[in-house]
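Chemist: Sharing a structure with you now.
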Number of protein chains: 2
Amino acid sequence: MPRPSLAAVTAAPPETTLGIRQVSEETGLSIDTLRWYEREGLLPLVERTAGGQRRYPPAALRFIRLVQALRRTGMPVADVRRFIELGGGELANHPERMALLEQQCAQIEQRLAELQDDLAVVRAKIATYRHLIARGLDCEDDLSEELVDQLRTDELLAGTLLDLQR
Amino acid sequence: MPRPSLAAVTAAPPETTLGIRQVSEETGLSIDTLRWYEREGLLPLVERTAGGQRRYPPAALRFIRLVQALRRTGMPVADVRRFIELGGGELANHPERMALLEQQCAQIEQRLAELQDDLAVVRAKIATYRHLIARGLDCEDDLSEELVDQLRTDELLAGTLLDLQR
DNA sequence: CTAGGAGCTGGAGTGCACTCCAGCGCAAGC
DNA sequence: GCTTGCGCTGGAGTGCACTCCAGCTCCTAG
């Protein structure tokens, strides 16, 4: 499966340049979103046909994936834009761009930890229901204090919380 | 450190019932959000003083933590409400509630995996910058195809991507 | 008893990230 | 050559989750 020569790629884009529909399908971003991102300055590298239709070369595709990663991990659109505005790949900007990414990295890690904690909370709650059902008990939230405490204790003893904490 | 007797708790709430400000500080939810959640039916178990001020017994606090976990893990407010509307702790509703939580659990796991992937993408990008800086190279996004491919290859060879993939 | 701060309510306002639409042009199959 | 459909643009609209506000009451310290 020989990759088309680089000359060919830059000179006369082969079928590796995708139309907006294909990109939408490949990335999961809606067509409207792709257009909107571009207007908002999040997507450089998008080319046009003579007729004005968008064409996405592989580099644009890769870029979109990065933008998706940043957006999904909670970076606001405005911040992604600032990241992108940080120059056309000049060496001088690399440290700053890297710093931004590292900051984002840290946030992702934090978010990851939080998610895991929250997952533990939800799992613990599921365990509570399992107990209640097993014992044929009513109540749970607006339940008497003793029961809650009882169950919390049960869970702790069973290691439910601890096991799932991380 | 003897916990106040259960009778005492239910009969004459001691200082373990918190005011809205304390709850806000403890949970990180804004006062407005606490009031709004309550209006929206996400927070049962909140009591009132004679003067109409909110009082949060420990059970309410615990409930808030669950709601927070659900919200932070991406459950829409409307869904949290539906979960809560599912009856006042009657046994019959437990399976349904549990099912909802299990569904949420699955989504959290999916989100976790996605986050980890996205983290890998960002880290890979950081590695790219590190390479570029180390070699004193410009360009990066709008860079020539060769360079990207070169770097991608480098990263793969260096195991940067693979190491971080999971 | 009074002054200042915290809380209350209902409702309006905000910010973000899309999403939809009208009105148009290009393009390809019949 | 004409229809059918995709794509384009600028701008308006939407949904969600808060956030702010006016105008009031309540509570506490002096």
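The values are calculated or read from the model by the stated rules, or taken from the named source; none is laboratory data. Note that the structure is a prediction, hence the values are computed from the model and not measured. Glycine also receives a Cβ, built like all others from the backbone with ideal geometry; neighbour counts cover every protein chain displayed. What goes into the accessible areas is simple: the full protein's heavy atoms, side chains included, and nothing from ligands, DNA or RNA. Shrake-Rupley method; radii C 1.70, N 1.55, O 1.52, S 1.80 Å.
Chemist: I'd like the mean, over residues of B:90-99, of how many other protein chain beta carbons sit within 10 Å of each residue's own Cβ.
Modeler: That average works out to 5.
Chemist: So, one more: Please compute the modelled spin-label separation between A:Glu114 and B:Ala134, points set 7 Å along Cα→Cβ, answer in nm with one decimal.
Modeler: 3.3
Chemist: Hey, another quick one. Taking B:Arg82 in one copy and the same position in all the others, each labelled 7 Å out along Cα→Cβ, what are the pairwise distances from the first, in nm, shortest first?
Modeler: The projected label point of B:Arg82 is separated from its counterparts by 3.8 nm.
Chemist: Between A:Gln53 and B:Ala50, what's the calculated FRET efficiency when r is the beta-carbon distance and R0 is 56 Å? Round to 0.05.
Modeler: 0.20
Chemist: With the crude spin-label approximation of a point 7 Å out along Cα→Cβ, what separation in nm comes out for A:Ala99 versus B:Arg39?
Modeler: For A:Ala99 paired with B:Arg39, the spin-label model returns 4.2 nm.
Chemist: Leaving out ligands, DNA and RNA, and with a 1.4 Å probe, what % of the accessible surface on the range A:16-123 is carbon or sulfur?
Modeler: The computed percentage sits at 47.
Chemist: From the label point of A:Pro95, set 7 Å from Cα along Cα→Cβ, how far away are the matching label points in the other copies, in nm, ordered shortest to longest?
Modeler: 6.4
Chemist: Given label points at 7 Å from Cα along Cα→Cβ, what nm distances, shortest first, separate B:Ile133 from the same residue in every other copy?
Modeler: 5.3
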